[in-house]
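First the structure, in the form of structure tokens, and then the observations on it.
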Amino acid sequence: MKSGKFTTKVAVFLVSLFIAGLIPIALISRYDYPCADDFGFSAYSHIAWQEDHSIPAVLGGAVRTVAERWYGWQGTFSSIFVMALQPGIWGEQFYSLVPWIMIGAMSASTLYFLHVVLRKTVRAERSVFLCISMLYLIFALECMIDKTQAFFWFNGAAHYMIPHSVALTLAGMLISHLTQRPSVSEGHFSHSGLKRPVRFLLICLASVFVGGSNYITALITAILFLSVFLLLLVFRKKKEAGLLAVPLILFFAAFFLNVLAPGNSVRQSEMLNRPGVIKSILLSFYYCVEYITEIWFDWTWLLFVLAVFPFLREAAGQAARRFSFPCPLLVPAFSYCLLSAMFTPSLYATGDVGGGRIFNIIFLDFLLLLMGNLFYLAGWLRHRKAAPARLNAPSADASGTGYAVGMENGLESRNMKLYLLTVFAAAAFIGILYARVDPDFFTSASAAHSLISGEAAQYGEETSARTEALHTCSAPDIQLELFQTQPYLLFFSDISTDPADWKNVSMSRYYQKSSVSGIPRETGEPSE
């Protein structure tokens, strides 16, 4: 069953739209600048590069940071290692790569995961896969909960966006590893470009990385790992369970090393009014409903569902040829429990539901679960609808041709074309209105607004002046003008007037100063 010209045109349009949205982000990225924890977590690495210009020395600085934080603050060793290697350590100008790293990681992992699920497993058409993937990526890029912490602030994004991306890639590799068989020649898997030993090694490395990352990503990965392993045992898939055993052991070894770090106790001792385990779990179920249905929900989600559902329905029709979609109520129930679990670590550790960077990965996983539930519902309905047709068509072949009854050219029908054009037109009209009223509502619109208004360039001038002062001033104590311009996407945090403020201390360590203090811009120039 081949997709027609219209579906292909939609796919091309969505890919072009996604690329167009990246243009203002590319232009504003040159004004991105490290701040706050960027300095604290990468001080050793930066100093090592300044002194030796040696990659091994920089990696040694990252390892030192991991060890120091593991004992003194938090156990997330893999995230800390990445945070210690923020691009600015090689020179502040390289910090402009941060949006590309984060958007690239999110996009590449999503495309790989959906390619494995939709193309290799479900065998959907390429244009259908592209339409689903691009709708997800456009929505994720433009409507991210906290756009600054998702794409422009390295430390926060490295702790959450990168582990999320690695976990998604891990899921895709595990699906391939468990479901695809090697071809006759060269030991390749028939649906993958990687040889089996290479992929298995990557799975093991990714398992360790995710186990040592933030507790939200690690926890839901642990739940999924155990769920899949137990299901394989229940259905007596011993061979597949054996393939999963080593990555599972490595993941939990890293996870327990993460959880049992002495630094976690140090950090939690500073948190007051922490709920217990049971209360944290109950609150997680409550906050999941509140944030998804009340705080975050708006018209964009409705249009996303209306736009993506026809393509998910088309893909589900393909899957219904080989899968019966049983227990349709268990899928949303499990999804709700899984999504709720993402709120638990923050509630238990701090008594708070979390911040923007945490909400970002909850948002991304919610979108995936939403698409998964729509796909499963469409497949279940398609299977039920096809059952009478199969009973009345005993001559249908063994491949299950009866499942495709009424499906051919569904996306190419006149009504479907009109439906999709209407949804896209409505999205464009409402989107333009919102972007005019609130330029920061969409990521690309916010970037374009900051560029056109000149605030991005002004912020760039202020950061350049500060950087020059930090590099050229020989005095051990330095005063820096506080940022006057604070673009929505670029600005996350600034130093304060108090040299003892942790952000000031982090910057002074990074640039090897005795102290750093901020002064209002009107009071004078940076000291020499």
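The values are calculated or read from the model by the stated rules, or taken from the named source; none is laboratory data. None of these values were measured; they are calculated from a predicted model. Cβ placement follows ideal geometry from the backbone for every residue including glycine, while neighbour counts extend to all protein chains displayed. Accessible surface areas use protein heavy atoms only, side chains included; no ligands, DNA or RNA. Shrake-Rupley method; radii C 1.70, N 1.55, O 1.52, S 1.80 Å.
Taking the range 117-138, which residues are among the charged types (D, E, K, R) and part of a helix (DSSP H, G or I)? 119, 120, 126 - these are the residues of the range 117-138 that are among the charged types (D, E, K, R) and part of a helix (DSSP H, G or I). Pairs are defined by a Cβ separation below 7 Å, a sequence spacing of at least 6 or placement on different chains, a first member in the range 327-338 that is open to solvent by less than 50 Å² (accessible area, probe 1.4 Å), and a second member that is assigned to a helix (DSSP H, G or I) and aromatic (Phe, Trp, Tyr); the pairs so defined are 328/376; 328/380; 331/376. What about residue 79, is it under 23 Å from the mean Cα position of the chain (by Cα), open to solvent by 10 Å² or more (accessible area, probe 1.4 Å) and either over 18 Å from residue 374 (Cα atoms) or at pLDDT below 95 (or both)? Criteria not met by residue 79.
When every residue of the range 481-494 is checked against the conditions, at least one turns out to be crowded, with 18+ Cβ neighbours inside 10 Å, in contact (Cβ under 8 Å) with a residue 40 or more places away in the chain and more than 26 Å from the chain's Cα centre (by Cα). Within the set 426, 448, the sole residue that is surrounded by fewer than 16 Cβ atoms within 10 Å (Cβ to Cβ), over 18 Å from residue 153 (Cβ atoms) and in contact with a helix residue (DSSP H, G or I) (Cβ under 7 Å, 6 or more places away or on another chain) turns out to be 426.
Can you tell me which residues in the range 89-127 are closer than 26 Å to residue 258 by Cβ and in contact with a His (Cβ under 8 Å, 6 or more places away or on another chain)? Working first, answer last.
Step one: filter the range 89-127 for residues closer than 26 Å to residue 258 by Cβ, giving 89, 98, 101-102, 104-106, 108-110, 112-113.
Of everything in the range 89-127, those that are closer than 26 Å to residue 258 by Cβ and in contact with a His (Cβ under 8 Å, 6 or more places away or on another chain) turn out to be 89, 106, 109.
Within this structure, residue 300 passes the test of being touching a helix residue (DSSP H, G or I) at 6+ places or on another chain (Cβ under 9 Å) and not charged (D, E, K, R). Residue-level check: of (1) within 27 Å of residue 126 (Cβ to Cβ); (2) part of a helix (DSSP H, G or I), residue 357 misses just (1).
Taking the range 93-134 as the range and being among the aliphatic types (A, V, I, L, M), within 27 Å of residue 32 (Cβ to Cβ) and out of contact with any Pro (no Cβ under 7 Å at 6 or more places or on another chain) as the test, the residues that pass are 101, 102, 103, 105, 106, 108, 111, 134. The number of residues in the range 273-319 that are assigned to a loop (DSSP other than H, G, I, E, B) and open to solvent by less than 50 Å² (accessible area, probe 1.4 Å) comes to 4.
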